[in-house]
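Nothing in this text is a laboratory measurement; each read-out follows from the coordinates by a stated rule. Everything numeric in this text was worked out from a predicted model, so none of it was measured. Please note: Cβ atoms are built from the backbone with ideal geometry, for glycine as well, and neighbour counts cover all protein chains shown.
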Amino acid sequence: DTENLLTEAVDALIARAGDDETLTNLLVDFTMEKTDDDKSWDVSREIIDTGRLILNENNRSEIAHFNGKTIPEFAAIKSRLLEAVKDIEDQTVSLAQQALDLLEGNCIDSKAFSGEYFPKHLLSIKNKNFNPKNKRYFEPDDIKINKSADRSAIENCIPKLLETLAEIYENFQRRDFYQAFLKNITPLSLLNTVNDELTKIQQEQNILSISEFNKLINDQIQNQPAPFIYERLGERYRHFFIDEFQDTSEMQWQNLIPLIDNATSSEEFGERGSLMIVGDPKQSIYRWRGGKAEQFITLSGGTIPFSNQEYQLFPLEQNYRSYSQIISFNNDFFKFLSNEFTHVDYKDLYENKSQQKANDKTGGYVEIAFIPDISDDEDAPDKEQLYVEATLATIEKTLTLGFQYHDIAILTRKRGHGVAVANYLTEKNIPIISSETLMIGNSTDVRFIIHMLRYLKNNADLQAKAQILHFIGVKNKAGDLLHDFIAVGMAQTSESDFEKWLLKHEIALCFPDIRKKSLYEAVEIVLSKFVDCANAYVQHFLDLVLERDIRYQAGISDFLDYWDKNSEKFSIPSPENSNAVRIMTIHKSKGLEFPVVIFPFAEENYSRNPKDKLWLDSDESVFGLPRVLVDNTTAVDSFGAEASLVYQQKKQEELVDNVNVLYVALTRAEEQLYV
């Protein structure tokens with residue numbers, strides 16, 4: 001689990017504060033910067049976010065430029081940039097003053113301009129309170145002159161004024177670029193330190209993260225002849241088949257190219273090797289882990305990375321899953337959406353390569369419904385409530401049409417929406433299967449074990465003690481006396497008194513003895529007293545405890561920390577043949593099909609930028625780095641022509657990724673689709 005490794009590495013880094021003076025000063029400065037910006041003083045989240053760059057192969061070439069850079073070197077870059085920002089601002093103030101002096105020198109009053117907007121613009125720059133959202137002046141016609149003014153005198157000054165403003169705006173671009181990088185430089189300066197901690201942890205635990213494994217393989221086989229690679233593998237492959245190619249990362253593909261090239265360009269016993277690739281770039285929804293639609297688009301466009309350039313392309317136009325109405329709707333809808341793209345390849349993908357032919361399943365049904373507009377109604381339920389109510393109504397409608405619960409799947413983009421639907425349907429006694437219902441942490445028995453571990457860690461944890469008593473009371477069928485049972489148990493303030501009181505209820509426990517046991521043994525003792533181990537949730541929980549105990553020698557405290565950070569990731573497999581509505585995210589539905597698909601909360605704001613980063617080319621003489629990291633915001637569009645191109649390309653990538661997710665959602669339905 002690379003995320004756990006990263007968290008452990010960041011925790012180890014922060015634990016060094018106080019011992020390493022350079023690191024300590026950096027962390028203190030970072031904390032002060034955050035508090036000055038009215039943000040949480042906890043710096044670990046930003047360091048973890050930046051640390052993920054190490055684990056993501058999409059950043060590999062950029063991260064390589066940071067190798068060997070020390071914290072003092074980053075501090076020097078930061079000081080240099082801060083000084084450069086100050087110089088730019090001083091120069092900009094001077095330029096604005098020159099423009100104002102030019103107007104004054106030519107006896108041009110501010111009232112000569114419409115609304116006095118132009119001189120106010122210059123004053124705002126001079127006074128360092130310029131609003132970047134305000135109008136800017138690039139052309140002579142942008143400067144509005146009052147009819148009563150001396151137009152001739154003003155027009156003679158306009159070329160110089162516009163020239164000065166062009167220089168000011170260019171300065172703003174550089175200043176904003178520098179400041180954007182300064183927001184990220186502190187966590188970036190810790191990259192090498194985090195990476196060192198990651199390496200140390202992996203060596204100590206004798207493990208290798210999958211991201212590090214791919215990188216290691218890539219480093220070893222690049223520029224190596226295929227026979228050498230085969231010799232190291234101990235096997236020789238002549239025929240390759242890659243399914244779901246759109247999910248293959250760039251590095252994984254580069255690792256395979258030498259082997260495939262050798263197989264397809266040579267013969268053995270008169271037979272040439274082969275490669276078969278199957279996939280759909282419209283279902284590429286894992287860019288964040290290296291899978292990019294562009295890789296498949298380029299390959300299918302005829303750019304072949306092998307010596308043997310022979311290839312055949314077979315479009316799979318027949319849809320064998322869905323009924324004709326659903327196929328027709330998706331064909332029309334996604335062709336319409338293609339007009340949203342400015343990128344030629346993305347537009348072509350949905351305009352010309354998203355049309356599917358129907359099969360012999362005629363009919364089907366597509367419904368697009370809108371929840372009521374409640375923006376002006378203070379007494380109306382919130383939008384989430386309207387969505388879950390509409391979802392229930394749709395389920396009831398499909399049941400009247402002869403469908404069963406197990407025919408229905410509810411797909412959501414965000415996990416939180418799935419939780420809201422699951423909670424509401426559970427209240428209405430609709431049987432469901434979802435990641436939440438299958439989560440180990442939602443099992444009453446598992447929650448009891450966790451509460452018991454918390455009490456064993458700290459017997460002053462009254463909340464854990466109360467939860468333990470509640471579980472025991474329910475199990476012993478205390479009924480109306482449950483409250484009294486809990487109250488009496490809580491009154492046993494000393495642990496020995498608590499043990500004696502439990503013994504009166506035929507529960508023999510010795511908490512000090514349990515604490516002396518290993519993690520797994522302690523859990524087994526608790527289970528033997530209270531819980532049926534045949535429970536599937538408990539069995540999976542026991543497997544997890546055993547792994548942490550054997551592999552990491554984790555104690556109770558270590559395990560609880562691990563559980564608090566990762567409990568939502570653990571679930572049991574979905575039971576087969578259960579008549580229940582399935583609730584899942586769109587990503588988890590990929591490759592699946594359902595007779596009825598319901599897609600609530602279908603109001604994604606595609607114009608909103610996700611909280612990610614962009615790498616931009618930089619002046620190495622200023623930054624000390626060829627590429628720098630900035631937040632992905634609309635401000636990047638104003639950092640200059642090159643930055644604007646990167647930003648616009650990123651916007652198109654985000655759009656195609658979002659449309660791809662929508663494509664996956666709307667093509668899961670066999671017979672009925674409700675949006």
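Taking amide H as placed 1.01 Å from N in the peptide plane, Ile410 has its amide H under 5 Å from the amide H of Arg582, Ile583, Met584, Ile598, each at least 5 places away in sequence or on another chain.
Here, the stretch 222-300 yields an orientationally averaged convex hull projection of 5.8 nm² when only Cα atoms define the hull. Taking a ≥ b ≥ c as the square roots of the eigenvalues of the alpha-carbon gyration tensor, the stretch 440-569 is classed prolate because a/c is 1.5 or more and a/b outweighs b/c. Axis of helix 641-666 versus longest Cα principal axis of the chain: the two differ by about 30°, to the nearest ten degrees. Summarising the label geometry, the points placed 7 Å from Cα in the beta-carbon direction at Gln404 and Thr633 lie 5.4 nm from one another.
Summing charges over neighbours of Ala293, with a neighbour being any other residue whose Cβ is under 11 Å away from its Cβ, gives -3 when K and R count +1 and D and E count -1. Qualifying GluC sites (Glu not before Pro) in the stretch 523-627, where qualification requires a DSSP coil assignment and no more than 15 other C-beta atoms within 10 Å, comprise Glu576, Glu593, Glu603, Glu604.
Which of the lysines could be linked to Lys128 by a straight reach, that is with a Cα gap under 17 Å, when you skip same-chain ones fewer than 8 residues away? Cross-link targets: Lys86, Lys120. Against the main long axis of the alpha-carbon atoms of the chain, helix 415-427 sits at an angle near 40°.
With volume of the Cα convex hull per residue in Å³ as the read-out, I listed (1) 170; (2) 188; (3) 259; which label goes with the value calculated from this structure? So the calculated entry is the one marked (3). Here the chain is treated with +1 on each Lys and Arg Cβ and -1 on each Asp and Glu Cβ, and its dipole about the Cα centre works out to around 500 debye.
Full extension of the chain segment joining Ser328 with Ala393 gains 20.9 nm, where the gain is 0.36 nm per residue of separation less the Cα-Cα distance.
Residue order for Leu502, Leu216, Leu666, fewest other beta carbons within 10 angstrom first, comes to Leu216, Leu502, Leu666. Checking the cross-link pairs Lys215/Lys613; Lys414/Lys475; Lys133/Lys611; Lys500/Lys565 against a 26 Å limit on the alpha carbon distance flags Lys414/Lys475; Lys500/Lys565 as lying beyond it. Taking Cα atoms only, the orientation of helix 519-530 departs from the longest principal axis of the chain by about 50 degrees. With no solvent and one point on each alpha carbon, what is the Debye value of log10 I(q)/I(0) for the stretch 401-514 at q = 0.13, 0.14, 0.21 Å⁻¹? For the stretch 401-514 at q = 0.13, 0.14, 0.21 Å⁻¹, log10 I(q)/I(0) is -0.67, -0.72, -1.12. Of the trypsin sites (Lys or Arg not before Pro) found in the stretch 593-666, those in coil by DSSP whose Cβ has at most 14 other Cβ atoms within 10 Å are Arg608, Lys611. Within the chain, the longest segment free of exposed loop sites, counting chymotrypsin sites (Phe, Trp or Tyr not before Pro) that fall outside DSSP classes H, G, I, E and B and have at most 15 other Cβ atoms within 10 Å, spans 371-605. Separation of the stretch 368-418 from the stretch 272-295 is 34 Å, based on Cα centroids.
For Lys282, the lysines whose Cα comes closer than 18 Å to its Cα, not counting residues fewer than 8 places off in the same chain, are Lys292, Lys335, Lys347, Lys353, Lys357, Lys588, Lys590, Lys650, Lys651. With a/c under 1.5 counting as rounded, go ahead and sort the stretch 526-657 into rounded, prolate or oblate using the C-alpha gyration tensor (a ≥ b ≥ c being the square roots of the eigenvalues; past the cut-off, prolate if a/b is larger than b/c, else oblate). Verdict is oblate for the stretch 526-657.
Of the trypsin sites (Lys or Arg not before Pro) found in the stretch 485-534, those that fall in a DSSP loop while having at most 14 other beta-carbon atoms within 10 Å are Lys517. Were the residues from Glu83 through Glu250 laid out at 0.36 nm apart, the gain over their Cα-Cα distance would be 56.2 nm. Label sites at Asn423 and Asn131, each approximated as a point 7 angstrom past Cα along Cα to Cβ, lie 3.9 nm apart.
Taking a straight Cα-Cα cut-off under 13 Å and skipping sequence neighbours fewer than 8 places away in the same chain, the aspartates and glutamates within cross-link reach of Lys34 are Asp42, Glu46. Tell me which of Phe228, Asn262, Gln295 sits at the most positive position along the dipole axis of the stretch 222-300, charges placed on C-beta atoms (Lys, Arg +1; Asp, Glu -1). Highest projection toward the positive end goes to Gln295. Using every pair of distinct Cα positions in the stretch 78-184, the Kirkwood expression returns a hydrodynamic radius of 14.6 angstrom.
List residues of the stretch 167-184, by number, whose backbone nitrogen lies under 14 Å from a label position 7 Å along Cα→C-beta of Gln91. Answer for the stretch 167-184: 167-178. Label-to-label distance, Asn442 versus Asp564, with points set 7 angstrom from Cα along the beta-carbon direction: 2.4 nm.
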